[in-house]
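Read through the structure below, which is laid out as structure tokens, and then see the notes.
Each reported figure results from applying straightforward, stated rules to the coordinates on display, with no laboratory input. Computed from a predicted structure; not experimentally measured. Cβ atoms come from the backbone with ideal geometry, glycine included; neighbour counts cover every protein chain shown.
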Amino acid sequence: MEIQAAVLEGVGQPHRVRTVTLAPPKAGEVLVKIVATGLCASDVNAIDGKRTLVPFPAVLGHEAAGVVAEVGAGVTSVSVGDHVVLSIVPSCGTCSWCSQGITNFCSTAGNAMGDGTLFDGTRRLSMDGQPLHHFLTVSSFAEYAVVPASGVVRIPEQMPLDRAALLSCAVLTGFGSVVNTAKVRPGSSVAVFGCGGVGLNIVQGARIAGADRIVAVDVTAEKLQIARSLGATDVIDASIDDPVTAIKDLVGGVDYAFEALGREATIQQAWRTVAPRGELVLVGLMAHGATLTVDAGPFVNEQAIKGCYFGSSDLTQDVPRLVDLYLTGDLKLDELIGQRIGLADLDSAVGALRRGEGVRSVITFD
């Protein structure tokens, strides 16, 4: 079938909305009509070459929701017409990681992502007879996408799809880093460095987990205001105040610090706010090949640094839980969408994200 998609030829290039060919799903795959897809920092990392996430040319986009249009042979988990959330952590079910129940580290999915393919090592996308690479097995900057069946989760139809798209990445990562990776305890204190799409969901994840003090740190007044509406008890404008000093003045030190920017400077700041026996969780992705230097002194106080990938999430459990939290009013998603745009507006939204302006841009399709 022929569809409209935003094609990226290489690092630093503009997107071009082109007519591309999408082959039908093979066994174990699903064709999804994309209804909404968010613009995420991981997309911009690939565009700017901060992280080598996909070969080019490619169709990016990975935070998405839509409606199942066709299923390949052997697919029984979803049916045509189902509303679904797409995900960058599909799983093969048979590799060593999947066998241990750690599906977000699936090696089959990881290899496919690195090659810009689906699980069988081939591509469904092409343009003018030449193959286009898939992005993180999703490629949702397009009207339709063919994805692994394990990378979609059925959701109830009363869940709005433009808000459901955010569950696919930003919410799962932020919320999951709190409840799955760090396992934040009720009554504890939390600091969040960086209030973008992921950081804001760390804030509300901490609220839902029952944290007593939640300190949000950013350099943008708009994001700090949203952070307060999502549950931050205190906000610090790091363009005005030193966040380390401010946090120590507020709470002395925090039980959990989360860094959601992937920058060494803010990681070092976050580390200096951790109380004895506290933990720093690194949620933001640093550039490929980056190294990190931190003060070793706090380790004697049994302080710890922990990595996080995709919020240590399990799609089959976490997506339904998040949908329920939204439908009952506990999880706030409407406040996270700054603008709804079309494919033609993608590069403008990328520029705004680079500059740290606004909150989530969501591409919607008629």
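Here are a few things to note about the model shown:
- Whether the chain is rounded, prolate or oblate, judged on the alpha carbon gyration tensor where a/c under 1.5 counts as rounded: prolate
- Relative contact order %, region 235-330, counting alpha carbon pairs below 8 Å whose residues are six or more apart: 23 percent
- Charged neighbours of S42, selected by a Cβ distance under 9 Å, balance to -1 (K, R count +1; D, E count -1).
- For the options S189, S177, S140, a Gaussian network treatment of the chain with springs between C-alpha atoms closer than 10 Å singles out S189 as fluctuating the most.
- Residue with peak Gaussian network fluctuation, the chain [Cα springs, cutoff 10 Å], from G129, G252, G307: G129
- Lysine pairs within the chain, Cα separation less than 27 Å, 8 or more sequence positions apart or different chains: 12
- Cα gyration tensor category, rounded, prolate or oblate, for region 44-132 with a/c compared to 1.5: oblate
- Put simply, the amide H of E279, placed in the peptide plane, has neighbours under 5 Å in Y256, A257, A304, leaving out anything fewer than 5 places away on its chain.
- GNM remark for the chain: springs join alpha carbons under 10 Å apart, and the peak mean-square fluctuation among L250, L325, L292 falls on L292.
- Counting DSSP beta bridges with both ends in the chain, the antiparallel % (nearest 5): 55 percent
- In this structure the amide hydrogen of I155, modeled in the peptide plane, comes within under 5 Å of the amide hydrogens of H83, V84, V85, none closer than 5 places in sequence on its chain.
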